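A short worksheet on the structure shown next.
Please treat every number below as a calculation from the coordinates, not as lab data. None of the values given here were measured: they were computed from a predicted structure. Don't worry about glycine lacking a Cβ; one is built from the backbone with ideal geometry, like all the others, and counts go over all protein chains shown.
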Amino acid sequence: MDHRGFLRRRADLATAGFEAAESPMLIINPVGEIAVASKGAGILLGMENRELMGMVLENLFVPPSSVADCGKDGHCSISVLRQLQVRNAGGDVIPVEVQCSPFMAHYEGEDTGGDPDRPNHCLMLLADIRERNHEDEMRAARLAKLSLLNQVSEALYGANLSLDQIIEAVLICMTAGQGLRFNRAFLLLVNETNDTLQGEVAIGPSNAEEALRIWQDLADQAGDLFEMMTSYDQSIKKTDVAVNEIVRNMIVPMDDLEHILIRVMADRHVLRVRGDMAMPGVDTMRSWLSCKEFAVAPLTTRAGSIGVIVADNAISGAEISDLDLEFLQMFANQSAGAIENSRLYHELEQRLLDLRRAHQKQKDDQETLIRMERLSVMGETSAIVAHELRNPLVAIGGFARTLMRNLQEDDPNRHFADIISSEVTRMETIIHDLLDFIRPKKRLRKEVVVDRIVAEAADRFQAELEGKGIRLEMDLKTEGKVLEIHPGEIQQVIQNYIVNAMQAQPGGGRIEVRSRLVDGGVRIEVRDDGPGFAKDVGEKLFSPFFSTKTTGSGLGLTICAQIIKSHGGITGAMNSPEGGAVFSFILPLPRSTPTA
Ligand code: ADP
């Protein structure tokens, strides 16, 4: 065999070997056409490798521009590893990794043109990277989810979020595009008061249009948890009415041990319910969710299960993948810890608050006790002093009056004796009222018709009022209500009010005594046509020793308040808009007695 023959033989051998190669390979000629294709290339592109011969490379790659330079000017410009796409005979676009090795080859009778040393052919190695791409996508999704999980755990544990905020964050991460991507999520927690697993909140659109709008809205948002929560506020909040309606109906008794939700809690393991699965409780769940497939994850803490998260893809119908389940489980674990932490934290806060309140109350009680002890000692001392003063006062008063009688009408000392006598009378009134205030009374309560004792008390003043030009009007309307009271004491209050009203209108006028049934009690009031009281003394009226009168003890209203308080009632005073003062008190009705 001559040398040329040897070369041809070698070329045939190389071509045959190339064509039979399982790896996808192409040799491109100087004008960008396929000169030879390997068997592997034919398989990748879905045709016989011989059919590929002569095909223009640009017709194979998508877009054609990605290989526009290939073969032009007699050389190949692709020399590094690149990711391109080819279209196979079936029209599918396949991602491929391409590596080119340019080389020089001469064909007999073919003018290679240009530089004889420049490569004019290209050996193109193709690798199908569909599988690798899928794996990359999975890895990227895993990474994104892990990063979100990390953010969630930092946010849930680090920030001082309320329980509601935590629950909101949990549900957002379940459904957001950057999160677990479930269409809808439902949270159920154990209610220890009635021993049930009860639906709390849910998130998710109620139909496909809403879903599309939200997903489009959220698609461009950055993946930060807090940004997601903000976008949620704007995009989803108003659309989750339907799912919240569903979640409110979700109640499962904790003793229904066979129920799927209770079982998931007991097994502490996530569960995917497929369309053909039959288990107790599954049908109820399907009717609640109107969806055949869903996943349930237990919210498990060290102390036990506190609830479950139910998630589905009811809108898109997408299958719940193993990866989804894996993350749902991880996510549920994080959420359970955060929910439990927040609950414990708030419980602790509440206990601390209760403790502080109890401590403050104890302090207040102690102070009240000390004050009461002091007041009681003061009361006793005052009683002794008052009692001791009474006898000398009687003597002084007696002597002053005797002196007055014995002095001539025009004697200048008569005026002084008169002052002594009236001042002594004033002191006697003060002592009488003071003793009345201090000494405990031991009168028995009895059932009486309220209006009757009010009328009796007012009637006693009839003559005196007439003499002073004051008209007494009675408007008693408690419909014969009977109350258990000290009649004498209550009458003392009414009389005190009437005396004050009388003193407030020395030139005559009108006093009206009214009684009415009010909410939970009986209200008695004494109105007059006097000038009323000054605004700034309103608070002091019922305080001991407050008096605007020259001869007043300032104890009358204090005693009234004390009597009414001992009956469980309240006193009041106001200036009437029509003029005059209104002094009132309300006595409570026994609890079971209706007011009308
Ligand atoms: P005293 O009558 O000895 O002054 P009270 O405790 O009965 O003591 O009354 C305290 C004060 O309340 C009176 O001095 C008066 O200033 C005011 N007050 C009581 N009733 C009336 C009334 N009907 N109109 C205006 N002021 C009144």
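Annotations for the structure displayed:
- Extension gain, D410-Q350: 0.36 nm per intervening residue step, less the Cα-Cα distance, totals 13.5 nm.
- Remark: spin-label model distance D364-W288 equals 4.4 nm, labels positioned 7 Å along the Cα→Cβ axis.
- Footprinting exposure proxy for M250, M279, M330 (fewest neighbouring C-beta atoms within 10 Å first): M279, M330, M250
- Helix 413-438 axis versus longest C-alpha principal axis of the chain: approximately 50°, rounded to the nearest ten.
- Computed over the Cα atoms of the chain, pair by distinct pair, the Kirkwood hydrodynamic radius stands at 35.3 angstrom.
- Gain upon complete extension [V518, A68; 0.36 nm per residue less C-alpha separation]: 152.3 nm
- In degrees, nearest ten, helix 322-406 long axis to first principal axis of the chain (Cα): 10 degrees
- Modelled FRET efficiency - R0 25 Å, D128 with S316, Cβ distances, 0.05 increments: 0.30
- Gyration tensor (alpha-carbon) shape descriptor, the stretch 250-339, a/c threshold 1.5: oblate
- Crossing angle, helix 450-459 versus the chain [Cα axis fit, 0-90 degrees, rounded to tens]: 40 degrees
- With a Förster radius of 56 Å applied to the beta-carbon distance between Q165 and S376, the computed FRET efficiency rounds to 0.55.
- Each peptide in 283-293, 365-375 gets a packing score, the mean of other Cβ atoms within 10 Å over its residues, and the list from highest to lowest is 283-293, 365-375.
- Each of I419 and V482 was given a label point 7 Å from its Cα along the Cα-to-Cβ line. The distance between the two points is 5.8 nm.
- Total charge dipole magnitude, the chain, about the Cα centre, Cβ charges on Lys, Arg, Asp, Glu only, Debye to nearest 20: 2860 debye
- Between the residues Y345, S206, S584, the greatest Cα displacement towards the positive end of the dipole of the chain, with unit charges on the Cβ of Lys, Arg, Asp and Glu, is found for S584.
- Distance between the stretch 470-505 and the stretch 311-383 - C-alpha centres, whole angstrom: 50 Å
- Cα gyration tensor, the stretch 372-459 - rounded (a/c under 1.5), prolate or oblate: oblate
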